[in-house]
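See structure below.
The numbers here are math on the coordinates, done by the rules we state, and not lab data. Remember, it's a predicted structure, so these values are computed and weren't measured experimentally. Positions of Cβ are backbone-derived with ideal geometry, glycine not excepted, and every protein chain shown enters the neighbour counts.
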Amino acid sequence: MLKFLLSFIPRAVTQGIPLMFGCVGETITEKSGNLNLGTAGIMYVGGICGVIGSFFYETKVGAQNMTAFLGIAIPLVCCLVGSLLMGLIYCFLTVTLRANQNVTGLAMTTFGIGIGNFFGGSLIKITNSEVPSIVLNQTGKFFKTQLPFAKGLGWFGTIFCSYGFLAYVAIILAIIAAVILSRTRTGLSLRAVGENPGTADAAGINVTRYKYFATCLGAMISGLGGLYFVMDYSSGIWANDAFGDRGWLAIALVIFTIWRPGHSIWASILFGGLYILHIFLPTGTELAVKELYKGIPYVVTIIVLIITSLRNKRENQPPGSLGLSYFREDR
Amino acid sequence: MNNTLSKVPLFHITRRKELPWYRAWLIRVIAVIMGLILCGIITMLLVKINPLDVYKTMLSGAFGTSRRIWVTAQNMAILLGISLALAPAFRMRFWNLGGDGQTLMGCLGATAPMILLGGKIPNIILILIMLICAVLAGAIWALIPAAFKAKWNTNETLFTLMMNYVATQIIAYFIVVWENPKGASQIGIINANTMAGWLPRIGNNQYLLNILIIIVLTVVIYIYMRYTKHGYEISVVGESEATARYVGIKVRRVIIRTMLLSGAICGLVGFLLVSGTSHTMTTTIVDGRGFTGVMVAWLAKFNPFFMILTSLLLVFLSRGASEISTIYGLNDSFGSILAGILLFFIIGCEFFLNYQIALKKTRKEVKIDA
C-alpha cells in the first residue's frame with residue numbers, strides 16, 4: 001500500500017500543479033467578473049514563451065556554461081511577459097471594447113494553442129538552428145532541482161519534498177491569493193467589482209483598473225502552469241499538443257473549488273490523481289477499456305458541476321456579474 | 001473623495017442608436033481588411049516573401065485548382081453545418097461548446113452500423129439506419145447537458161465542454177475495439193471494397209451531395225429561426241427568460257427542444273463526415289470545428305446566410321495558411337494564429353457598432369440616452 005502511495009501521490013501532485021496554477025489564476029480573474037475561457041491558450045503561450053527564451057539561451061551559451069540563475073530567470077520572465085500580453089489582449093477586447101467574453105475567450109484559445117504549436121513545431125526552422133528537436137535538458141534540470149535534504153527523509157521526502165520549486169510557488173500563490181481575497185481591502189474591492197461593478201464604481205473603486213489588474217495577474221499565474229508543465233513535468237521537452245485540455249480542466253476546477261483559491265490546492269492534486277488513474281486501474285484482457293478510463297476526470301467534473309448546481313447555497317454562487325462587461329452609462 | 005473625479009476625460013463614450021446596415025457592414029469589412037493586412041505582415045516577417053505573394057499563395061491554396069475549390073467548399077459545408085447546429089442554441093443564450101462532442105457522437109452513430117451491418121442489408125437501408133443512429137446519438141449527447149440546465153441550471157458551458165472529452169474517449173475506445181488491421185490503432189477505410197454505407201456520388205463530384213445537403217439545411221434553419229413559432233420562442237428566451245415565462249413560454253421545454261435540434265444537426269454533420277467524406281472514424285475527425293463554429297455563428301449574428309460568409313472567411317484562412325506552411329516548411333498551426341488575429345479584429349470592431357466616441361470638445365452636443 002505504502003509503495004503504491006509513494007508512486008501515486010508524487011505523480012498526482014506533478015499532474016496537479018499545472019491545474020493549480022490555472023485554477024488560482026482563473027479564480028482571481030473571475031473574481032473581477034471576467035470569465036476568461038482563454039486560459040487554455042494562455043497556458044500554451046506561457047509554456048512556449050519560456051521554451052523560446054531558454055532555447056535561445058541554451059543554444060547561445062551551450063549547456064555547460066549555463067548558470068542556474070539565468071537558466072531559471074530567462075524562461076520565467078519570458079513566460080510571464082507572454083502570458084501578460086495575452087491577458088492584455090483579453091482585457092482590451094472585453095473591458096475596453098466590451099466584447100463578448102465567451103467568444104473572446106474561445107478566440108484566445110485558438111490563437112494561444114496556435115502560437116504554442118506553431119513555435120513548438122517551427123522554432124528550429126525559423127532560427128536556422130542545427131538541433132534536431134527542442135530538448136532543453138539543462139533548463140529542465142534547473143527547474144527540477146529538489147530540496148537537497150529530500151532524499152534523506154524517506155517516504156516523507158518523497159511525498160512532500162520531491163518537487164521542483166515551481167510546485168511550491170503554486171501552493172504559496174494559492175495561499176496568498178486566498179488571504180488577499182478574503183482578508184484584505186484590495187480583495188474586498190476586487191470582489192465588489194466582480195459582484196456588482198456599478199456599486200463598486202459608486203463606492204469610488206476604479207472598476208477598469210481592477211479588472212485589468214486582476215485579469216492580467218490571473219493570466220500570468222495561469223501561464224506559469226504551462227511553464228511548469230514543459231520545464232518540470234516534461235523535463236524541458238516541448239511536444240505539440242502535449243499540454244492537452246488541462247486549461248479547460250483548470251476552469252472547471254474553479255467551479256469545483258467554489259471560487260476559493262485555498263481549496264484549489266487539494267482539488268488540483270485530486271484531479272491530477274484522476275488524470276493518471278488510468279495507469280493504475282486494472283484492465284483485464286480488454287485493453288480498450290483504458291481509453292474509457294481516461295475519460296474519468298471529465299466525467300467526475302460533470303458530476304461535480306451537477307452537484308454544485310444542486311446544492312444551490314447562497315455563498316457558493318459565482319461572482320454576480322461574471323461574464324458581463326460593464327458600461328457606466330448602462331444603469 | 002478622490003480628485004480624479006474633477007479631471008475631465010479626453011473622450012467620451014456613449015451607446016449608439018441602431019446603425020444603418022451599410023455602415024455596420026463597412027465597419028466589419030474594414031476590420032476584416034485590417035486583420036488580413038496584419039496577417040500578411042506577420043507572414044511576411046516569418047517567411048520573408050513580399051506581402052502580395054502572401055495573399056497570392058493563400059488564394060491559390062484555397063482556390064488554385066478545381067480540386068482545391070472542392071475541398072474548400074467541402075470544409076466550408078462541414079463548418080457551416082456545425083455552426084448552423086449551434087446557432088439556435090446561442091440565440092437562446094445557451095453556450096453550447098459541445099459541438100465537437102455532439103458531432104463525434106454522430107460519427108460514432110454512423111460508423112457503428114457501417115461496420116456491423118455493412119454488406120448484410122441493402123445499401124439504401126444501411127445508409128438510412130446510419131443517418132438515424134447518427135442524428136439520435138448527436139441529439140442524446142446534447143440532451144444530457146440541456147436537461148440538467150433546464151432542471152437545475154447547471155453551468156452548460158463547462159458541461160458541454162467536458163462532454164467533448166468524454167465523447168473523444170468513447171470514440172478512442174471503439175477505435176481500439178474495431179481497429180483494422182489488429183494493432184493498427186486506427187479503423188482504416190471502412191468497407192473499402194463494397195463501399196457499403198458510402199453516400200453516393202453525384203456525377204464525378206464526391207462532395208457535391210454534402211454541399212447540397214448543407215445548402216438545404218441553411219435555408220431550413222433560416223426559415224426555422226425567422227418565421228416559425230419555435231424560432232420566435234428561442235429569441236424571446238434568449239432576450240430574457242423572465243419575459244418568456246411571463247408571456248407563457250415554457251422555458252424548460254424550449255431549452256430542451258432547441259438543444260435536441262442542435263445535437264441532431266451536429267449528428268447529421270457527423271454522418272456526412274463519415275459516410276460522405278472520409279469513410280473512417282478518428283478521434284480528431286471533427287478537428288475543433290465545434291469551437292470554430294461558435295465563432296462563425298456569433299460573428300454572423302446567428303443569421304444563417306451571413307454564416308456562409310464567415311465560414312468562407314475562416315476556411316479560406318485555414319486553407320491559405322496551410323498552403324503557406326506546406327510551401328515554407330512551417331507548422332500547420334500557422335492557420336490558427338492567423339484565424340486568431342482575424343477574430344480579434346472582428347470581435348473588437350463590434351465596439352464601434354454599438355458605441356460612439358466623442359472628443360471632449362463636442363461633449364455638450366452628445367445626447368445621452370437613458
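Below is a table of values for the structure above.
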| quantity | calculated |
| --- | --- |
| Projected area, mean over directions - chain B, Cα convex hull, nm² | 25.0 nm² |
| Estimated 222 nm signal from helices in the protein assembly as shown, with DSSP H stretches of n ≥ 4 weighted -39500 (n - 2.57), rounded to 500 | -23000 deg cm²/dmol |
| Calculated FRET efficiency for the pair B:L209/B:L10, C-beta based, R₀ 60 Å, to 0.05 | 0.55 |
| The protein assembly as shown - convex hull of alpha carbons, volume per residue in Å³ | 193 Å³ |
| Links that overshoot a 25 Å alpha carbon limit, given the list A:K31/B:K149; A:K3/A:K290; A:K294/B:K301 | A:K294/B:K301 |
| Charge dipole (debye, nearest 20) of chain A; +1 at Cβ of Lys and Arg, -1 at Cβ of Asp and Glu | 620 debye |
| Residue-averaged beta-carbon neighbours from other chains (10 angstrom radius) around A:92-102 | 4 |
| Cα gyration tensor shape for segment B:228-370, rounded if a/c is under 1.5, else prolate or oblate | oblate |
| GNM result for chain B, Cα springs below 10 Å: residue of B:I82, B:I341, B:I308 fluctuating most strongly | B:I341 |
| Partner chain coverage, peptide B:348-355 - average Cβ within 10 angstrom | 4 |
| Most fluctuating residue given options B:T258, B:T277, B:T326, as computed from a GNM of chain B linking Cα atoms under 10 Å | B:T326 |
| Per-residue average of Cβ from other chains inside 10 Å of B:93-102 | 1 |
| Directionally averaged shadow of segment A:1-59, computed from the convex hull of its alpha-carbon atoms, nm² | 6.3 nm² |
| Built amide H within the under 5 Å cut-off of A:I237, gap 5+ | A:L136 |
| Nearest 10 degrees, 0 to 90: helix B:51-63 Cα axis against chain B principal axis | 40 degrees |
| Helix B:304-327 vs. chain B, principal-axis angle (Cα, 0 to 90°, nearest 10) | 70 degrees |
| J(HN,Hα) series, segment B:141-148, from Karplus relation 6.51 cos²θ - 1.76 cosθ + 1.60, nearest Hz, glycine and proline x | 4, 7, 5, 4, x, 5, 4, 5 |
| With Cα atoms, 0 to 90° folded angle of helix A:296-310 axis to chain A main axis | 20 degrees |
| Calculated from backbone phi, Karplus (6.51, -1.76, 1.60) coupling profile of segment A:129-135 in Hz, x at Gly/Pro | 7, 10, 8, x, 8, 7, 10 |
| Cα principal axis extents for chain A, largest first, Å | 60, 49, 40 |
| Nearest-0.05 FRET efficiency for A:A239 and A:T158, computed from C-beta distance (R0 30 Å) | 0.65 |
| Stretchable slack from B:S66 to B:Y22, in nm (0.36 nm times residue separation minus alpha-carbon distance) | 12.5 nm |
| Proxy reagent accessibility, fewest Cβ within 10 Å first, across A:W238, A:W266, A:W259 | A:W266, A:W259, A:W238 |
| Semi-axis lengths (Å, descending) of the ellipsoid that matches the C-alpha gyration tensor of segment A:87-207 | 37, 29, 10 |
| Projected label distance in nm at B:V251 and B:V216, using a 7 Å step from Cα toward the beta-carbon | 3.7 nm |
| Positive-end residue, segment A:8-319 charge dipole about Cα centroid, Cβ charges, pick of A:I251, A:I74, A:F156 | A:F156 |
| Straight-distance crosslink candidates among aspartates and glutamates, where the alpha carbon sits under 16 Å from B:K48 and sequence neighbours closer than 8 are dropped | B:E323 |
| Gain on full stretching of the segment that runs from B:I357 to B:K182 - 0.36 nm per residue minus C-alpha separation | 56.5 nm |
| For the protein assembly as shown, size of Cβ-based charge dipole, Lys and Arg +1, Asp and Glu -1, in debye | 1560 debye |
| Two-site FRET efficiency, B:I49 against B:E239, from Cβ-Cβ distance with R₀ of 35 Å, rounded to 0.05 | 0.10 |
| With at most 15 neighbouring Cβ atoms within 10 Å, loop GluC sites (Glu not before Pro) (DSSP) excluded, longest segment of chain A | A:131-285 |
| For chain B, built as a Gaussian network whose Cα springs stay under 10 Å, the top-fluctuating residue of B:P122, B:P304, B:P145 | B:P122 |
| Relative exposure of B:H279, B:H230, A:H263, judged by other C-beta atoms within 10 Å (fewest first) | B:H230, A:H263, B:H279 |
| Low-density loop cleavage sites - trypsin sites (Lys or Arg not before Pro) in segment B:19-67, where at most 16 other Cβ are within 10 Å (DSSP) | B:K48 |
| For segment A:281-289, Karplus couplings with θ = phi - 60° (6.51, -1.76, 1.60), whole Hz, Gly/Pro x | 6, x, 10, x, 8, 8, 5, 4, 4 |
